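The values are calculated or read from the model by the stated rules, or taken from the named source; none is laboratory data. Fair warning: this is a prediction, and the values are worked out from it, not measured in the lab. FYI the Cβ positions are ideal-geometry reconstructions off the backbone, even for glycines, and counts take in every protein chain you see. What goes into the accessible areas is simple: the full protein's heavy atoms, side chains included, and nothing from ligands, DNA or RNA. Shrake-Rupley method; radii C 1.70, N 1.55, O 1.52, S 1.80 Å.
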Amino acid sequence: MATLCLSSSSSVKLHQISPFIHSSFPANPNLLLSFPRRRSFFDHFTAVNYVPELRARVSLFPFFFTKSEDTESLKQELLEAIALLDRGAEATPEDQKLVDQIASKLEAANKVKEPLKSSLLNGKWELLYTTSQSILQTKRPKFLRANGKIYQAINADTLRAQNMETWPFFNQATANLVPLNARRVAVKFDSFTIASLIPIKNRGSGCGELEITYLDEELRISRGNQGNLFILRMVDPSYRVPL
């Protein structure tokens, strides 16, 4: 996500504490395509046999629904584009270009202009796709990469973040967020846990930046300060990051 930099005195290796701890797992198309298409207000009218007069009135206001419908179509197109890319590990340069183009269209349609002030940001997000090599670790054999899911949790009210890697490494990292503007934060890591057992306190040597470029109740797109793209889906809006 954001780039992580370490001081030369740090004993923690870079790949262990990168803002999104490296991982890879076989993508599940059924999971990634599981976002239900939300029925719009217009859908409810067209789904019933309302009277002709009402049909005529609704048809006068198609612009009320176009942007919402376009956004849902773009989200579905994005999920289809990343479904078979193994969280980005199997993406070709052409795949990366296509995904970035669709993501850019969604970013342009973003309605949440100040995501750091939005409650939609709060909770636990699952990483679906990234271009970050520090996460994907594609130069390693697959058995040396994590095979489980990767999560990131953010609580905007406490300015705390947490990265969580599952099977088989179970590494974690927590960080303080320092707002740079209404969309971008500096990420300052303060603790790491290796294999869920070995805690390591950090004295501010881990750093990075993160910009939230698209946000709704289901999907988040972020970009790091090294240009990496991150696409995540909400899995638990009630999750709280440890203080």
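Table for the structure above
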{"item": "Residue within region 117-139 that is more than 13 Å from Phe230 (Cβ to Cβ), at pLDDT 95 or above and open to solvent by less than 10 Å² (accessible area, probe 1.4 Å) present", "result": "yes"}
{"item": "In region 103-129, the residues that are assigned to a loop (DSSP other than H, G, I, E, B) and more than 22 Å from Val178 (Cα to Cα)", "result": "Ala109, Asn110, Lys111"}
{"item": "Strands (runs of 3 or more DSSP E) wholly inside region 184-243 containing at least 3 residues that are within 22 Å of Gln76 (Cβ to Cβ), among the hydrophobic types (A, V, I, L, M, F, W, C) and touching a residue at least 24 places away in the same chain (Cβ under 8 Å)", "result": "229-236"}
{"item": "Conditions (1) closer than 20 Å to Val235 by Cα; (2) part of a loop (DSSP other than H, G, I, E, B): number failed by Phe169", "result": "(1)"}
{"item": "Pairs, first farther than 28 Å from Ala91 by Cβ in region 63-81, second open to solvent by 40 Å² or more (accessible area, probe 1.4 Å) and modelled with pLDDT under 95, C-beta under 7 Å, six or more apart", "result": "Phe65/Phe41; Phe65/Phe42"}
{"item": "Residue identified as more than 25 Å from Asp86 (Cβ to Cβ) and hydroxyl-bearing (Ser, Thr, Tyr) among Thr166, Thr193, Thr213", "result": "Thr193"}
{"item": "Hey, Leu144 surrounded by fewer than 17 Cβ atoms within 10 Å (Cβ to Cβ) and hydrophobic (A, V, I, L, M, F, W, C) or not", "result": "yes"}
{"item": "Of all residues in region 147-166 being open to solvent by 40 Å² or more (accessible area, probe 1.4 Å) and free of Cβ contacts under 8 Å to residues at least 60 places away in the same chain, the one that is nearest to Leu210 (Cα to Cα)", "result": "Leu159"}
{"item": "Number of the exception - Ala103 against (1) surrounded by 20 or more Cβ atoms within 10 Å (Cβ to Cβ); (2) closer than 14 Å to Ala89 by Cα", "result": "(2)"}
{"item": "Counted residues, region 195-243 - those being within 21 Å of Lys149 (Cα to Cα), modelled with pLDDT under 90 and open to solvent by less than 30 Å² (accessible area, probe 1.4 Å)", "result": "0"}
{"item": "Region 168-178, residues that are farther than 16 Å from Leu116 by Cα and free of Cβ contacts under 8 Å to residues at least 24 places away in the same chain", "result": "Pro168"}
